[in-house]
Protein chains: 2
Amino acid sequence: MRRRVDGVLDAFVDAKASAARAKGLPDDVPVALSDFLRAGGKRIRPLLCVLGWQAGGGVGERGLGQAVQVGAALEMFHAFCLVHDDVMDRSDTRRGRPTVHRALAARYRTGRTRELADTVGTSAAILAGDLALLWSDEILQAAEPGLEPAQAARLRPLVALMREEVMYGQCLDLLATGLPTPDTGPALTVIRYKTAKYTCERPLQIGAALAGADGPLHRALSAFALPLGEAFQLRDDVLGAFGHPQQTGKPALDDLREGKHTVLVSLALQAATPAQAPLLHALYGNPRLGEEDAETLRALLRDTGADRAVEHMITDRCAQAVTVLDGLPVPAVVREQLRALADRIAWRTA
Amino acid sequence: MRRRVDGVLDAFVDAKASAARAKGLPDDVPVALSDFLRAGGKRIRPLLCVLGWQAGGGVGERGLGQAVQVGAALEMFHAFCLVHDDVMDRSDTRRGRPTVHRALAARYRTGRTRELADTVGTSAAILAGDLALLWSDEILQAAEPGLEPAQAARLRPLVALMREEVMYGQCLDLLATGLPTPDTGPALTVIRYKTAKYTCERPLQIGAALAGADGPLHRALSAFALPLGEAFQLRDDVLGAFGHPQQTGKPALDDLREGKHTVLVSLALQAATPAQAPLLHALYGNPRLGEEDAETLRALLRDTGADRAVEHMITDRCAQAVTVLDGLPVPAVVREQLRALADRIAWRTA
């Protein structure tokens, strides 16, 4: 499945790079996106799109090809999100390699000061994200001529909703960054919009819509996907605080320095003693946090019990998703694949 | 015409703001985009879209409504371009008001350091641009159900082309920034992609496609639009160097400090004496350029004759466009409106 999705993406960006060169235009952006896509990624959204299509009763090579094509569009949209996210967070690495803006800055260093190269690299990455967004739309449109008008009519609003939801999730996340509170409510809302809907619910529903699924199945998929997606993001937060860079592909201190209003830190603030709270506030989100202070901060997250509380939340949410899954009116083979995916999402180390 | 286009845009962003509030989501982005759209702008692209539709033989209220709707989508796309452009250029003002990232940074100042507020403002503006791009697509899609399949099939590839061309134009512009040379060739390529195709050619052709125009008219519109669009950007460069902030709505020194590889500066470098050339290189693109040095730089642009050479190029290109216009097989009233627009574009002071 992954090979098929990547085949669509590789062929698309390679064609864009060739077309640019043929017109005498720079191929920097398609090449940078190609490198980025080939560097890895879990391809969860395309996989859920295809599983959603199967859950909705989709069968046959033609329909599968459409689901793969739409899944590839979701992955290209995700590339857009990540490229802009890394610009906004000023992240240096992703998937164990320099982020797109860093890679482009290095490319543009010749003949420029470091400061100018960084500016040009960041600007080029903003454009690369913009083009990834436009291209995700082209990949999606390439699927449309093969769709029935009713399928196309269901697909478009769901895709629009997914795109808008993740953008609002990003806004909420941004506005809470640097201002963490003991209130987990806002952190859970961020998780719902930024991850649960975007990563799990909508891709499944988009696939199901391609298969012509009805309202009850859409709601059942939602009841499965939302707790699973929340577990996915809670795991991400735990990995961001405690994970190993070699496994996550991200620097160990990025999340701690960024100071996002996560459920993890909210729970720590809730449980913190009067002595711990000011230390948590001082260390979490400090852009110049060193490894020693990071260890103090990690110890605080453990001593307050926040890490175990989040593990409980992950376990609860996975159990909830699996309970819904057991009652889902979908083929047994799809159920088993969704169950395996749920396990992988919740207990992953990268 | 402008009122109709703005009516579509206002209703759209107001509905987005209400929908966000109804879901408990922040309305910062739709409100910021609404403020930005209401602050001004020339609405050249929607106007050319409607004139292209009329040039293609479009008549009747229903078709006009579609052309206006598509024109509004082009204007929302343009808002996306400008918001990201201002982030990339770190511009402080646009249309005589703070740019979107500046306005958002001011909004997010409470409870944050200035540095953090600036970062959050810039990130929120990247998201605002992203949403403007997504929303331009929604506005476009809202026009589609009323279109014949053949119309829709012509519209989409042209819109995709327009979007991609302006992105590549921005890339070219970016890569040449800070490295101006006496070669006008690259500067003219930037102008073609970033402005002539994006601002004039494609909007006219998109309108014509809505009216079902054939290949010969598309080519004739292109022959009119490309020189006109080049004149538009050449005028922009002159205004950027010599214009008054009160008229342009942009700070007087932004363009000179930015150091873009414009035709104006290429011609100055071509004609510069051995004494003038190093001074030009030292001053143009200096991010800390003061008003006194700016006057020296403007004097250099004048003394080398570059300003007059660009005025000639503008005159030539307008004459070329008008000659094509005289032979265009379009209704006389459309021809007169295109002629008036050409005059306004070339000789504008803002």
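Remarks
- The single condition among (1) more than 10 Å from chain B (Cβ to nearest Cβ); (2) in contact with a helix residue (DSSP H, G or I) (Cβ under 8 Å, 6 or more places away or on another chain); (3) under 26 Å from A:Gly259 (Cβ atoms) that A:Gly185 does not satisfy is (2).
- Subset of region B:121-135 [of a type outside the set (Gly, Ala, Ser) and within 14 Å of B:Arg90 (Cα to Cα)]: B:Thr122, B:Ile126
- Hey, B:Arg38 of a type outside the set (Phe, Trp, Tyr), closer than 25 Å to A:Ala176 by Cα, surrounded by fewer than 23 Cβ atoms within 10 Å (Cβ to Cβ) and outside the structural domain of B:Thr349 (by TED's automatic domain parsing) or not: no
- Within region B:308-319, residues that are free of Cβ contacts under 8 Å to residues at least 60 places away in the same chain sit with their Cβ atoms under 6 Å from residues that are surrounded by 14 or more Cβ atoms within 10 Å (Cβ to Cβ) and in a helix (DSSP H, G or I), at 6+ positions apart or across chains, in these pairs: B:Ala309/B:Leu267.
- Single residue of region A:141-161 satisfying the filter (within 24 Å of A:Ile345 (Cβ to Cβ) and more than 10 Å from every other protein chain (Cβ to nearest Cβ)) that is surrounded by the fewest Cβ atoms within 10 Å (Cβ to Cβ): A:Leu161
- Flag for A:Ala319 being closer than 13 Å to A:Ala225 by Cβ and surrounded by 12 or more Cβ atoms within 10 Å (Cβ to Cβ): no
- Residue in region B:196-217 that is surrounded by 24 or more Cβ atoms within 10 Å (Cβ to Cβ) and hydroxyl-bearing (Ser, Thr, Tyr) present: yes
- Long-range neighbours under 7 Å by Cβ, at least six apart or interchain, first residue within 18 Å of B:Ala350 (Cβ to Cβ) and of a type outside the set (Val, Ile, Thr) within region B:34-58, second part of a helix (DSSP H, G or I) and modelled with pLDDT under 95: B:Arg43/B:Arg2; B:Leu47/B:Leu341
- Residue in region B:147-158 that is assigned by TED's automatic domain parsing to the domain that holds B:Ile314, at pLDDT 95 or above and part of a helix (DSSP H, G or I) present: yes
- Some residue of region B:207-217 being under 19 Å from the mean Cα position of the chain (by Cα) and assigned to a helix (DSSP H, G or I): yes
- Residue within region B:127-137 that is more than 10 Å from chain A (Cβ to nearest Cβ) and either more than 20 Å from A:Thr122 (Cβ to Cβ) or not aliphatic (A, V, I, L, M) (or both) present: yes
- Comparison of A:Val83, A:Val100, A:Val68 shows that the only residue that is of a type in the set (Val, Ile, Thr) and either touching a Ser or Thr at 6+ places or on another chain (Cβ under 7 Å) or farther than 23 Å from B:Gly121 by Cβ (or both) is A:Val68.
- Residue within region B:66-80 that is under 26 Å from B:Arg109 (Cβ atoms), surrounded by 19 or more Cβ atoms within 10 Å (Cβ to Cβ) and either among the hydroxyl-bearing types (Ser, Thr, Tyr) or modelled with pLDDT of 95 or more (or both) present: yes
- Hey, B:Val29 part of a helix (DSSP H, G or I) and either of a type in the set (Ser, Thr, Tyr) or buried (at least 24 other Cβ atoms within 10 Å of the Cβ) (or both) or not: yes
- Candidate set: region B:163-175, residues that are touching a residue at least 60 places away in the same chain (Cβ under 8 Å) and more than 7 Å from every other protein chain (Cβ to nearest Cβ); chosen: the one nearest to B:Gly185 (Cα to Cα): B:Asp173
Residue-wise test of (1) modelled with pLDDT of 95 or more; (2) crowded, with 20+ Cβ neighbours inside 10 Å; (3) part of a loop (DSSP other than H, G, I, E, B).
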position	(1), (2), (3)
A:Leu301	yes, yes, no
A:Ala340	no, no, no
A:Asp343	no, no, no
A:Thr349	no, no, yes
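- Tally of residues being more than 14 Å from chain B (Cβ to nearest Cβ) and either aliphatic (A, V, I, L, M) or more than 18 Å from A:Leu82 (Cα to Cα) (or both) across region A:19-53: 10
- Number of positions in region B:246-259 that are touching a Leu at 6+ places or on another chain (Cβ under 9 Å) and in contact (Cβ under 8 Å) with a residue 24 or more places away in the chain: 7
- Selection count where residues are in a helix (DSSP H, G or I) and either touching a Pro at 6+ places or on another chain (Cβ under 8 Å) or not assigned by TED's automatic domain parsing to the domain that holds A:Ala306 (or both), scope region A:231-257: 2
- The listed residues are A:Asp6, A:Asp14, A:Asp85, A:Asp10, and the only one of them that is within 30 Å of B:Glu115 (Cβ to Cβ) and in a helix (DSSP H, G or I) turns out to be A:Asp85.
Results for (1) among the polar types (S, T, N, Q); (2) in contact with a helix residue (DSSP H, G or I) (Cβ under 6 Å, 6 or more places away or on another chain), shown as yes or no for each residue.
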{"residue": "B:Ala73", "(1), (2)": "no, yes"}
{"residue": "B:Arg95", "(1), (2)": "no, no"}
{"residue": "B:Thr99", "(1), (2)": "yes, yes"}
{"residue": "B:Arg107", "(1), (2)": "no, no"}
{"residue": "B:Arg112", "(1), (2)": "no, no"}
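- Unique match (being at pLDDT below 95, assigned to a helix (DSSP H, G or I) and over 18 Å from the mean Cα position of the chain (by Cα)) among B:Pro180, B:Pro186: B:Pro186
- Every residue from region B:96-118 that is more than 16 Å from B:Leu82 (Cβ to Cβ), more than 8 Å from chain A (Cβ to nearest Cβ) and either assigned to a helix (DSSP H, G or I) or modelled with pLDDT of 95 or more (or both): B:Ala105, B:Ala106, B:Arg107, B:Arg114, B:Glu115, B:Ala117, B:Asp118
- Answer residue from region B:3-20, given it is loosely packed, with under 13 Cβ neighbours inside 10 Å and farther than 13 Å from B:Met76 by Cα and is farthest from the chain's Cα centre (by Cα) among those: B:Ser18
- Residue in region A:112-121 that is among the aliphatic types (A, V, I, L, M) and surrounded by fewer than 21 Cβ atoms within 10 Å (Cβ to Cβ) present: yes
- Checked against (1) over 22 Å from B:Ile139 (Cβ atoms); (2) without any contact (Cβ under 8 Å) to a residue 40 or more places away in the chain; (3) within 9 Å of another protein chain (Cβ to nearest Cβ); (4) buried (at least 22 other Cβ atoms within 10 Å of the Cβ), A:Asp86 passes all but condition (3).
- Considered as a group, the residues in region A:230-249 that are modelled with pLDDT under 90 and surrounded by fewer than 22 Cβ atoms within 10 Å (Cβ to Cβ) include one that is nearest to the chain's Cα centre (by Cα), and that residue is A:Gly249.
The values are calculated or read from the model by the stated rules, or taken from the named source; none is laboratory data. Worth saying up front: this structure is predicted, and the values here are computed from it rather than measured. Cβ atoms come from the backbone with ideal geometry, glycine included; neighbour counts cover every protein chain shown.
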